[in-house]
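The values are calculated or read from the model by the stated rules, or taken from the named source; none is laboratory data. From a predicted model like this one, the values you see are computed outputs, not experimental measurements. Here the Cβ is made from the backbone with ideal geometry for all residues, glycine too, and neighbour counts use every protein chain on show.
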Amino acid sequence: MSQIVSDPLESGEHRPDGARVAALVVAAGQGLRAGQRLPKQFAPWRGKPVLRHSVEALAAAGCAPILVAIPEGAEAVARQALAGIRAVRFTTGGATRQQSVGLGLEVLAGWAPELVLIHDAARPVLPAAVTERLLAALAEHEAAIPVLPVADSLAHAEGDMMGAPARREDLRRVQTPQAFRYDAILAAHRAWDGPFTAGDDAQVAQAAGIAVALVEGDEALHKLTYAADFAQAAATRPAFRVGTGYDVHRLEEGEALWLCGVRIEHTHGLAGHSDADVAIHALVDAMLGAIGAGDIGQHFPPSDAQWKGAASDRFLAHAAALVAQAGYTLGNADVTIVCEAPKIGPHRERMRARLAEVLGVDIAVVSVKATTTEKLGFTGRREGIAAQAAVGLIRS
(Lines give C-alpha, C1' and ligand atoms only; values in the text may rest on other atoms or scores of the structure.)
Protein backbone atom coordinates (compact mmCIF):
# COMPACT_ATOMS: atom_id res chain seq x y z
CA MET A 1 0.00 0.00 0.00
CA SER A 2 1.23 3.50 -0.82
CA GLN A 3 2.21 5.50 2.21
CA ILE A 4 2.47 9.27 2.33
CA VAL A 5 5.73 10.15 4.01
CA SER A 6 5.54 13.92 4.21
CA ASP A 7 3.14 16.64 5.19
CA PRO A 8 0.65 18.19 2.74
CA LEU A 9 1.19 21.53 1.09
CA GLU A 10 -0.74 24.59 2.07
CA SER A 11 -4.02 24.81 0.18
CA GLY A 12 -4.49 27.03 -2.84
CA GLU A 13 -1.08 26.64 -4.49
CA HIS A 14 -1.34 26.69 -8.30
CA ARG A 15 0.28 27.98 -11.49
CA PRO A 16 0.13 31.66 -12.43
CA ASP A 17 -2.57 30.81 -15.01
CA GLY A 18 -4.78 29.51 -12.21
CA ALA A 19 -4.57 25.80 -13.06
CA ARG A 20 -3.96 23.35 -10.25
CA VAL A 21 -1.25 21.19 -11.82
CA ALA A 22 0.31 18.36 -9.85
CA ALA A 23 3.28 16.29 -10.92
CA LEU A 24 3.99 12.65 -10.18
CA VAL A 25 7.62 11.63 -10.64
CA VAL A 26 8.27 7.89 -10.80
CA ALA A 27 11.54 7.18 -8.98
CA ALA A 28 10.81 3.83 -7.33
CA GLY A 29 13.04 1.59 -9.44
CA GLN A 30 16.46 0.20 -8.62
CA GLY A 31 18.21 1.41 -11.81
CA LEU A 32 20.74 -1.45 -11.72
CA ARG A 33 21.68 -1.33 -15.41
CA ALA A 34 23.20 2.10 -14.94
CA GLY A 35 26.08 0.63 -12.91
CA GLN A 36 25.98 3.36 -10.28
CA ARG A 37 26.63 3.09 -6.55
CA LEU A 38 23.09 4.32 -5.87
CA PRO A 39 19.88 3.69 -7.82
CA LYS A 40 20.33 5.87 -10.89
CA GLN A 41 17.64 8.38 -9.91
CA PHE A 42 19.73 9.39 -6.88
CA ALA A 43 23.15 9.13 -8.56
CA PRO A 44 25.05 12.33 -9.42
CA TRP A 45 24.72 13.61 -12.99
CA ARG A 46 25.93 17.00 -14.19
CA GLY A 47 26.66 18.10 -10.64
CA LYS A 48 23.43 17.07 -8.89
CA PRO A 49 21.27 13.97 -8.39
CA VAL A 50 19.48 12.80 -11.53
CA LEU A 51 16.09 13.18 -9.85
CA ARG A 52 16.68 16.79 -8.86
CA HIS A 53 17.05 18.04 -12.44
CA SER A 54 13.51 17.29 -13.59
CA VAL A 55 11.92 18.05 -10.20
CA GLU A 56 13.43 21.54 -10.31
CA ALA A 57 12.02 21.98 -13.82
CA LEU A 58 8.57 20.88 -12.69
CA ALA A 59 8.72 23.23 -9.72
CA ALA A 60 9.73 26.10 -12.02
CA ALA A 61 6.71 25.27 -14.20
CA GLY A 62 4.43 25.84 -11.21
CA CYS A 63 3.57 22.23 -10.44
CA ALA A 64 2.41 21.67 -6.86
CA PRO A 65 2.52 19.27 -5.28
CA ILE A 66 5.31 17.30 -6.90
CA LEU A 67 4.80 13.80 -5.55
CA VAL A 68 7.84 11.54 -5.92
CA ALA A 69 7.30 7.78 -5.77
CA ILE A 70 10.43 6.27 -4.19
CA PRO A 71 11.62 2.79 -3.20
CA GLU A 72 10.72 1.61 0.27
CA GLY A 73 13.39 2.72 2.73
CA ALA A 74 14.79 5.42 0.42
CA GLU A 75 13.25 8.44 2.13
CA ALA A 76 16.52 9.71 3.61
CA VAL A 77 18.44 9.67 0.32
CA ALA A 78 15.43 11.12 -1.53
CA ARG A 79 15.08 13.98 0.95
CA GLN A 80 18.77 14.73 0.61
CA ALA A 81 18.55 14.70 -3.20
CA LEU A 82 15.64 17.17 -3.23
CA ALA A 83 16.43 19.29 -0.18
CA GLY A 84 15.05 22.82 -0.39
CA ILE A 85 12.37 22.23 -3.06
CA ARG A 86 9.25 23.24 -1.15
CA ALA A 87 6.64 21.66 -3.45
CA VAL A 88 8.05 18.14 -3.10
CA ARG A 89 6.34 15.32 -1.23
CA PHE A 90 7.18 11.61 -1.16
CA THR A 91 5.27 8.37 -1.29
CA THR A 92 6.29 4.73 -1.45
CA GLY A 93 6.09 3.21 -4.93
CA GLY A 94 4.99 -0.24 -6.03
CA ALA A 95 6.69 -3.27 -7.57
CA THR A 96 6.19 -1.97 -11.12
CA ARG A 97 6.05 1.44 -12.72
CA GLN A 98 2.32 1.08 -13.35
CA GLN A 99 1.70 0.22 -9.71
CA SER A 100 3.77 3.20 -8.57
CA VAL A 101 1.74 5.54 -10.75
CA GLY A 102 -1.57 4.09 -9.62
CA LEU A 103 -0.61 4.42 -5.96
CA GLY A 104 0.69 7.94 -6.49
CA LEU A 105 -2.48 9.07 -8.23
CA GLU A 106 -4.51 7.85 -5.26
CA VAL A 107 -2.32 9.88 -2.91
CA LEU A 108 -2.73 13.00 -5.07
CA ALA A 109 -6.48 12.86 -4.58
CA GLY A 110 -5.95 14.66 -1.29
CA TRP A 111 -4.88 17.78 -3.22
CA ALA A 112 -7.63 17.58 -5.87
CA PRO A 113 -5.50 18.70 -8.84
CA GLU A 114 -7.12 19.51 -12.16
CA LEU A 115 -4.16 18.36 -14.25
CA VAL A 116 -1.23 16.03 -13.63
CA LEU A 117 2.12 15.52 -15.32
CA ILE A 118 3.55 11.99 -14.92
CA HIS A 119 7.30 11.86 -15.44
CA ASP A 120 10.11 9.30 -15.30
CA ALA A 121 12.93 10.38 -12.97
CA ALA A 122 15.49 8.92 -15.39
CA ARG A 123 14.78 11.73 -17.88
CA PRO A 124 16.60 14.58 -16.12
CA VAL A 125 16.51 17.25 -18.83
CA LEU A 126 12.96 18.60 -19.05
CA PRO A 127 12.68 21.62 -21.38
CA ALA A 128 10.08 24.14 -20.27
CA ALA A 129 8.72 24.34 -23.81
CA VAL A 130 7.71 20.67 -23.73
CA THR A 131 5.83 21.17 -20.46
CA GLU A 132 3.99 24.17 -21.86
CA ARG A 133 3.03 22.33 -25.07
CA LEU A 134 1.61 19.47 -23.00
CA LEU A 135 -0.44 21.72 -20.74
CA ALA A 136 -1.71 23.73 -23.70
CA ALA A 137 -2.92 20.52 -25.33
CA LEU A 138 -4.98 19.69 -22.23
CA ALA A 139 -7.17 22.70 -22.97
CA GLU A 140 -8.74 20.61 -25.75
CA HIS A 141 -7.84 17.01 -24.87
CA GLU A 142 -7.90 14.74 -21.83
CA ALA A 143 -4.37 13.46 -22.45
CA ALA A 144 -1.23 14.53 -24.29
CA ILE A 145 2.22 13.01 -24.68
CA PRO A 146 5.52 14.26 -26.15
CA VAL A 147 6.79 12.30 -29.14
CA LEU A 148 9.63 12.34 -31.65
CA PRO A 149 9.81 10.96 -35.18
CA VAL A 150 11.59 7.70 -35.96
CA ALA A 151 14.67 8.18 -38.15
CA ASP A 152 15.70 4.55 -38.76
CA SER A 153 14.10 2.10 -41.14
CA LEU A 154 11.93 -0.42 -39.28
CA ALA A 155 10.80 -3.98 -39.85
CA HIS A 156 8.77 -6.54 -37.98
CA ALA A 157 10.74 -9.54 -36.69
CA GLU A 158 9.66 -13.10 -37.35
CA GLY A 159 12.01 -14.99 -35.07
CA ASP A 160 15.50 -14.36 -36.40
CA MET A 161 14.21 -13.32 -39.82
CA MET A 162 13.00 -10.03 -41.18
CA GLY A 163 9.24 -9.80 -41.52
CA ALA A 164 7.06 -7.17 -43.10
CA PRO A 165 8.43 -3.64 -43.21
CA ALA A 166 6.94 -1.05 -40.89
CA ARG A 167 6.17 2.48 -42.02
CA ARG A 168 8.27 4.76 -39.87
CA GLU A 169 6.06 7.65 -40.95
CA ASP A 170 3.28 6.06 -38.87
CA LEU A 171 5.41 5.58 -35.74
CA ARG A 172 6.70 7.88 -33.02
CA ARG A 173 9.09 7.60 -30.07
CA VAL A 174 7.21 8.32 -26.85
CA GLN A 175 8.70 10.35 -24.00
CA THR A 176 7.62 11.70 -20.63
CA PRO A 177 6.24 13.73 -18.93
CA GLN A 178 2.79 12.67 -20.04
CA ALA A 179 -0.05 15.06 -19.27
CA PHE A 180 -3.59 14.21 -18.24
CA ARG A 181 -6.70 15.62 -16.74
CA TYR A 182 -6.37 14.20 -13.30
CA ASP A 183 -9.83 12.67 -12.88
CA ALA A 184 -9.56 10.93 -16.26
CA ILE A 185 -6.20 9.24 -15.70
CA LEU A 186 -7.12 8.26 -12.13
CA ALA A 187 -10.27 6.55 -13.41
CA ALA A 188 -8.26 4.87 -16.19
CA HIS A 189 -5.77 3.39 -13.73
CA ARG A 190 -8.57 2.19 -11.47
CA ALA A 191 -10.29 0.53 -14.45
CA TRP A 192 -7.17 -1.11 -15.91
CA ASP A 193 -7.58 -4.86 -16.36
CA GLY A 194 -5.16 -5.47 -19.22
CA PRO A 195 -3.41 -8.85 -19.50
CA PHE A 196 0.00 -7.14 -19.40
CA THR A 197 1.75 -4.33 -17.56
CA ALA A 198 1.35 -1.09 -19.47
CA GLY A 199 4.55 0.46 -20.76
CA ASP A 200 3.37 3.96 -19.92
CA ASP A 201 0.32 5.88 -18.79
CA ALA A 202 -0.77 6.77 -22.33
CA GLN A 203 -1.46 3.06 -22.87
CA VAL A 204 -3.57 2.98 -19.71
CA ALA A 205 -5.49 6.06 -20.89
CA GLN A 206 -6.04 4.68 -24.38
CA ALA A 207 -7.32 1.38 -22.97
CA ALA A 208 -9.94 3.41 -21.09
CA GLY A 209 -11.10 5.07 -24.29
CA ILE A 210 -9.25 8.34 -23.77
CA ALA A 211 -7.94 10.00 -26.93
CA VAL A 212 -4.27 10.91 -26.53
CA ALA A 213 -2.94 14.00 -28.32
CA LEU A 214 0.63 14.15 -29.60
CA VAL A 215 2.88 17.16 -29.08
CA GLU A 216 6.46 17.74 -30.13
CA GLY A 217 9.00 16.23 -27.75
CA ASP A 218 12.69 17.01 -27.43
CA GLU A 219 15.86 14.96 -27.93
CA ALA A 220 17.10 16.41 -24.64
CA LEU A 221 14.52 14.23 -22.85
CA HIS A 222 16.83 11.23 -23.32
CA LYS A 223 16.36 8.51 -20.71
CA LEU A 224 19.40 7.54 -18.65
CA THR A 225 19.57 3.74 -18.68
CA TYR A 226 23.13 2.43 -18.89
CA ALA A 227 26.45 3.29 -17.30
CA ALA A 228 27.56 4.88 -20.55
CA ASP A 229 24.71 7.40 -20.27
CA PHE A 230 26.39 8.82 -17.19
CA ALA A 231 29.67 9.07 -19.09
CA GLN A 232 27.93 11.31 -21.63
CA ALA A 233 26.86 13.87 -19.07
CA ALA A 234 28.90 16.67 -20.60
CA ALA A 235 27.00 18.58 -23.25
CA THR A 236 30.04 18.34 -25.50
CA ARG A 237 32.06 15.18 -25.27
CA PRO A 238 35.82 15.62 -25.40
CA ALA A 239 37.54 14.49 -28.57
CA PHE A 240 39.90 12.22 -26.64
CA ARG A 241 39.59 10.18 -23.46
CA VAL A 242 42.36 8.31 -21.61
CA GLY A 243 42.04 5.53 -19.04
CA THR A 244 44.40 3.38 -17.01
CA GLY A 245 43.94 0.10 -15.19
CA TYR A 246 45.92 -2.08 -12.79
CA ASP A 247 45.27 -5.55 -11.41
CA VAL A 248 47.01 -8.32 -9.45
CA HIS A 249 46.23 -12.01 -9.00
CA ARG A 250 47.94 -14.65 -6.93
CA LEU A 251 49.70 -17.63 -8.56
CA GLU A 252 48.62 -21.05 -7.30
CA GLU A 253 49.24 -24.65 -8.29
CA GLY A 254 46.36 -26.41 -9.98
CA GLU A 255 44.94 -23.26 -11.57
CA ALA A 256 44.81 -22.56 -15.31
CA LEU A 257 46.85 -19.58 -16.49
CA TRP A 258 44.98 -17.17 -18.75
CA LEU A 259 46.61 -13.98 -19.99
CA CYS A 260 45.05 -11.69 -22.62
CA GLY A 261 42.50 -14.37 -23.42
CA VAL A 262 45.15 -16.98 -24.20
CA ARG A 263 45.70 -20.10 -22.11
CA ILE A 264 49.35 -20.68 -21.35
CA GLU A 265 50.83 -23.95 -20.11
CA HIS A 266 52.62 -23.27 -16.84
CA THR A 267 53.29 -24.84 -13.46
CA HIS A 268 50.97 -22.34 -11.76
CA GLY A 269 47.85 -20.44 -12.70
CA LEU A 270 46.12 -17.31 -11.44
CA ALA A 271 43.50 -17.59 -8.69
CA GLY A 272 40.34 -15.53 -8.72
CA HIS A 273 36.56 -15.60 -8.92
CA SER A 274 36.57 -15.60 -12.72
CA ASP A 275 39.36 -17.05 -14.85
CA ALA A 276 41.59 -14.39 -13.18
CA ASP A 277 43.00 -13.06 -16.46
CA VAL A 278 44.91 -10.23 -14.83
CA ALA A 279 45.82 -8.57 -18.14
CA ILE A 280 42.25 -8.39 -19.40
CA HIS A 281 41.06 -7.16 -15.99
CA ALA A 282 43.52 -4.28 -16.13
CA LEU A 283 42.43 -3.48 -19.68
CA VAL A 284 38.72 -3.55 -18.76
CA ASP A 285 39.36 -1.12 -15.90
CA ALA A 286 41.26 1.18 -18.25
CA MET A 287 38.35 1.23 -20.72
CA LEU A 288 35.72 1.75 -18.04
CA GLY A 289 37.82 4.46 -16.46
CA ALA A 290 38.16 6.30 -19.75
CA ILE A 291 34.38 6.73 -20.02
CA GLY A 292 33.78 7.28 -16.31
CA ALA A 293 31.84 4.02 -15.94
CA GLY A 294 33.30 2.72 -12.69
CA ASP A 295 35.42 -0.40 -12.45
CA ILE A 296 35.19 -4.09 -13.23
CA GLY A 297 33.99 -4.95 -9.73
CA GLN A 298 30.90 -2.78 -10.16
CA HIS A 299 29.89 -4.47 -13.39
CA PHE A 300 30.90 -8.02 -12.45
CA PRO A 301 30.88 -8.32 -8.64
CA PRO A 302 32.98 -11.20 -7.27
CA SER A 303 30.09 -11.88 -4.89
CA ASP A 304 27.88 -12.85 -7.85
CA ALA A 305 27.98 -16.60 -8.43
CA GLN A 306 27.28 -16.25 -12.16
CA TRP A 307 30.82 -14.95 -12.72
CA LYS A 308 32.50 -17.92 -11.00
CA GLY A 309 35.08 -19.22 -13.49
CA ALA A 310 33.78 -16.89 -16.22
CA ALA A 311 36.00 -16.15 -19.20
CA SER A 312 37.32 -12.62 -18.87
CA ASP A 313 36.88 -11.90 -22.56
CA ARG A 314 33.17 -11.50 -21.71
CA PHE A 315 34.12 -8.60 -19.44
CA LEU A 316 36.22 -7.08 -22.20
CA ALA A 317 33.40 -7.35 -24.75
CA HIS A 318 31.09 -5.62 -22.25
CA ALA A 319 33.57 -2.77 -21.77
CA ALA A 320 33.93 -2.41 -25.54
CA ALA A 321 30.15 -2.15 -25.91
CA LEU A 322 29.99 0.58 -23.25
CA VAL A 323 32.75 2.52 -24.98
CA ALA A 324 30.77 2.39 -28.21
CA GLN A 325 27.57 3.46 -26.45
CA ALA A 326 29.45 6.40 -24.98
CA GLY A 327 30.31 7.51 -28.51
CA TYR A 328 33.96 6.53 -28.67
CA THR A 329 36.19 4.15 -30.57
CA LEU A 330 39.42 2.60 -29.33
CA GLY A 331 42.43 4.55 -30.55
CA ASN A 332 44.96 2.24 -28.93
CA ALA A 333 45.37 -0.19 -26.04
CA ASP A 334 48.68 -0.85 -24.30
CA VAL A 335 49.00 -3.73 -21.82
CA THR A 336 52.06 -4.46 -19.69
CA ILE A 337 52.32 -7.81 -17.88
CA VAL A 338 54.65 -7.91 -14.86
CA CYS A 339 56.01 -11.37 -14.00
CA GLU A 340 59.18 -13.46 -13.74
CA ALA A 341 57.56 -16.44 -15.44
CA PRO A 342 56.25 -17.56 -17.80
CA LYS A 343 57.99 -15.80 -20.67
CA ILE A 344 55.48 -13.62 -22.49
CA GLY A 345 57.43 -13.16 -25.73
CA PRO A 346 56.46 -16.50 -27.33
CA HIS A 347 52.76 -15.76 -26.77
CA ARG A 348 52.70 -12.04 -27.51
CA GLU A 349 51.23 -12.15 -31.03
CA ARG A 350 48.49 -14.59 -30.06
CA MET A 351 47.62 -12.29 -27.16
CA ARG A 352 47.43 -9.24 -29.38
CA ALA A 353 45.31 -11.11 -31.91
CA ARG A 354 42.88 -12.35 -29.27
CA LEU A 355 42.45 -8.91 -27.69
CA ALA A 356 41.92 -7.34 -31.12
CA GLU A 357 39.33 -10.01 -31.95
CA VAL A 358 37.30 -9.41 -28.79
CA LEU A 359 37.54 -5.63 -29.12
CA GLY A 360 36.68 -5.68 -32.83
CA VAL A 361 39.72 -3.60 -33.79
CA ASP A 362 42.79 -3.97 -35.97
CA ILE A 363 45.67 -5.73 -34.25
CA ALA A 364 47.84 -2.71 -35.02
CA VAL A 365 46.14 -0.67 -32.24
CA VAL A 366 46.82 -3.33 -29.57
CA SER A 367 50.15 -3.59 -27.77
CA VAL A 368 51.19 -6.32 -25.31
CA LYS A 369 54.52 -6.24 -23.59
CA ALA A 370 56.13 -7.65 -20.46
CA THR A 371 58.65 -6.76 -17.83
CA THR A 372 60.04 -8.11 -14.56
CA THR A 373 60.76 -6.48 -11.23
CA GLU A 374 64.31 -7.86 -11.07
CA LYS A 375 63.13 -10.50 -8.59
CA LEU A 376 61.88 -7.85 -6.18
CA GLY A 377 58.44 -7.92 -4.54
CA PHE A 378 55.65 -10.46 -4.90
CA THR A 379 56.09 -10.72 -8.68
CA GLY A 380 59.82 -11.19 -8.24
CA ARG A 381 59.15 -14.01 -5.77
CA ARG A 382 56.72 -15.55 -8.29
CA GLU A 383 53.82 -15.23 -5.88
CA GLY A 384 51.60 -13.47 -8.37
CA ILE A 385 51.32 -11.60 -11.65
CA ALA A 386 50.45 -7.93 -12.07
CA ALA A 387 49.28 -6.06 -15.14
CA GLN A 388 48.72 -2.47 -16.04
CA ALA A 389 46.94 -1.07 -19.07
CA ALA A 390 46.36 2.27 -20.75
CA VAL A 391 43.86 3.11 -23.49
CA GLY A 392 43.18 6.10 -25.67
CA LEU A 393 39.65 6.64 -26.96
CA ILE A 394 38.65 8.81 -29.91
CA ARG A 395 35.23 10.45 -30.22
CA SER A 396 33.21 8.65 -32.91
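Laid out as a table, the results:
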| quantity | calculated |
| --- | --- |
| Test: residue in region 331-341 that is over 27 Å from the mean Cα position of the chain (by Cα), surrounded by fewer than 21 Cβ atoms within 10 Å (Cβ to Cβ), modelled with pLDDT of 90 or more and assigned to a loop (DSSP other than H, G, I, E, B) | yes |
| Selection status of D183, surrounded by fewer than 19 Cβ atoms within 10 Å (Cβ to Cβ) and part of a helix (DSSP H, G or I) | yes |
| In region 26-58, residue farthest from the chain's Cα centre (by Cα) [restricted to those that are outside any helix (DSSP H, G or I) and at pLDDT 90 or above] | V26 |
| Yes/no for H299 being surrounded by fewer than 23 Cβ atoms within 10 Å (Cβ to Cβ) and either more than 17 Å from T244 (Cα to Cα) or of a type outside the set (S, T, Y) (or both) | yes |
| Residue check, A122 under 24 Å from L221 (Cβ atoms), assigned by TED's automatic domain parsing to the domain that holds L221 and surrounded by 22 or more Cβ atoms within 10 Å (Cβ to Cβ) | yes |
| Residues that are surrounded by 18 or more Cβ atoms within 10 Å (Cβ to Cβ) and among the hydroxyl-bearing types (S, T, Y), drawn from region 77-102 | T91, T92, S100 |
| Residue within region 85-98 that is closer than 17 Å to A19 by Cβ and touching an Asp or Glu at 6+ places or on another chain (Cβ under 9 Å) present | yes |
| When residues of region 350-382 are limited to those that are of a type in the set (D, E, K, R), closer than 18 Å to D247 by Cα and surrounded by fewer than 14 Cβ atoms within 10 Å (Cβ to Cβ), the one farthest from the chain's Cα centre (by Cα) | R381 |
| Filtered residues of region 139-180 (kept if surrounded by 13 or more Cβ atoms within 10 Å (Cβ to Cβ), out of contact with any helix residue (DSSP H, G or I) (no Cβ under 7 Å at 6 or more places or on another chain), without any contact (Cβ under 8 Å) to a residue 24 or more places away in the chain and closer than 26 Å to S54 by Cα) | none |
| Those strands (runs of 3 or more DSSP E) lying entirely in region 103-172 with at least 1 residues at pLDDT below 90 | 154-158, 161-166 |
